[in-house]
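The values are calculated or read from the model by the stated rules, or taken from the named source; none is laboratory data. In this text, all values refer to a predicted model and were calculated from it rather than measured experimentally. So basically every Cβ, Gly included, is an ideal-geometry build from the backbone, and we count neighbours across all protein chains shown. In case anyone asks, the SASA skips ligands and DNA or RNA and just uses the protein heavy atoms, side chains included. Shrake-Rupley method; radii C 1.70, N 1.55, O 1.52, S 1.80 Å.
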Amino acid sequence: MSDEAANGWVVIAGLGPGAEGLITPDAQAAIDAATDIVGYIPYVRRIAPRPGLTLHESDNRVELDRAAHALDMAQAGRRVVVVSSGDPGVFAMASAVFEAVEAGPQAWRALEIRVLPGITAMLAASAAAGAPLGHDFCCINLSDNLKPWSLIESRLRLAAQADFAMAFYNPRSKSRPEGFVKTLDILRECCEPERVIIFARAVSTPDQAINVTTLADATPDMADMRTVVLVGSSLTRLIPRDGAPIVYTPRSVAKDAE
Ligand code: SAH
């Protein structure tokens, strides 16, 4: 192996939900040290071009190919940052890279591979609304691209039964509009109509919109692929005030509560 090859690495970094200020200094330092950036087109476009940096954009359906490309380049001595939005370990590229490593040549296991965390959409959305995830919560990807719908449905029912607050990623796309209709139907079967639901769209970008409503008033068209949906637990509360209310879930549940 040449000296150059010995210095290659892969960093899988999260770019946060959109705002520059929500990119961590560690992620920015890795981007500044990189020779190559690999990722889904809109995420790669968030990186400022500079001499010596090659930007490799790819479609979102080719995650394993993208991961293999990054690992190949690192093996050849390149310093590669694989970018995701939010956190790279939340429905994003970190697992795809490790799937490729597990299935790939032994040499990839000797590479320096690091994951740098980022601020995931549900935490940015929660902060924008108040603290709706302030007690126990769970997080579900509503896309059935990579798992059967029946599993999503059973997780939704069990999460509602356990009285978790919930965060839903990928709630609704043009190719599968019916999934979120079913999601709202299931929640209405399991929760009271006054249950708080927050549609947080494009959080921390100039297009940010936070819509706080109830399960009774929620409609499927309130969500799209730029929206993360937060559903409160039965204890989630609103503090009314001029403008948007503050939404929060108290940290405690009474000891005798079931
Ligand atoms: N790794 C990302 C999630 C990728 S899945 C993260 O940690 O945030 C893509 C989904 O994330 C979108 O469909 C949407 O539900 C959510 N999302 C990503 N960025 C968002 C933002 N700025 N505002 C609201 N939702 C966002």
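Of the residues making up the stretch 101-116, none is within 14 Å of Ser233 (Cβ to Cβ), modelled with pLDDT of 95 or more and polar (S, T, N, Q).
Going by the structure shown, is Ala96 among the small types (Gly, Ala, Ser) and surrounded by fewer than 18 Cβ atoms within 10 Å (Cβ to Cβ)? So Ala96 fails the test.
Counting only helices (runs of 4 or more DSSP H) wholly contained in the stretch 108-216, the ones carrying 2 or more residues that are loosely packed, with under 15 Cβ neighbours inside 10 Å occupy 149-161, 178-190.
Could you tell me whether the stretch 74-81 includes any residue that is within 16 Å of the ligand (Cβ to nearest atom) and at pLDDT 95 or above?
Restricting attention to the stretch 74-81, the residues satisfying the condition of being within 16 Å of the ligand (Cβ to nearest atom) are 81.
From what is left, the residues that are at pLDDT 95 or above are 81.
Yes: the stretch 74-81 contains one or more residues that are within 16 Å of the ligand (Cβ to nearest atom) and at pLDDT 95 or above.
Among the numbered conditions (1) of a type in the set (Ser, Thr, Tyr); (2) away from the ligand (no atom under 16 Å from the Cβ); (3) closer than 30 Å to Glu20 by Cα, the only one that Thr205 does not meet is (2). Residues satisfying the criterion are present in the stretch 92-105 (criterion: assigned by TED's automatic domain parsing to the domain that holds Asp65, within 13 Å of the ligand (Cβ to nearest atom) and part of a loop (DSSP other than H, G, I, E, B)). Filtered by the rule that a residue be more than 23 Å from Thr249 (Cβ to Cβ) and more than 16 Å from the ligand (Cβ to nearest atom), the stretch 117-168 gives Pro148, Trp149, Ser150, Leu151, Glu153, Ser154.
For the stretch 161-176, a residue qualifies if it is in contact with a Leu (Cβ under 8 Å, 6 or more places away or on another chain) and without any contact (Cβ under 8 Å) to a residue 40 or more places away in the chain, but none of them does. Scanning the stretch 7-25 for residues that are open to solvent by 60 Å² or more (accessible area, probe 1.4 Å) and either within 16 Å of the ligand (Cβ to nearest atom) or not assigned by TED's automatic domain parsing to the domain that holds Val97 (or both) gives Glu20, Gly21. Restricted to the stretch 226-258, and to residues there that are hydroxyl-bearing (Ser, Thr, Tyr) and in contact with a Gly (Cβ under 7 Å, 6 or more places away or on another chain), the residue that is surrounded by the fewest Cβ atoms within 10 Å (Cβ to Cβ) is Tyr248.
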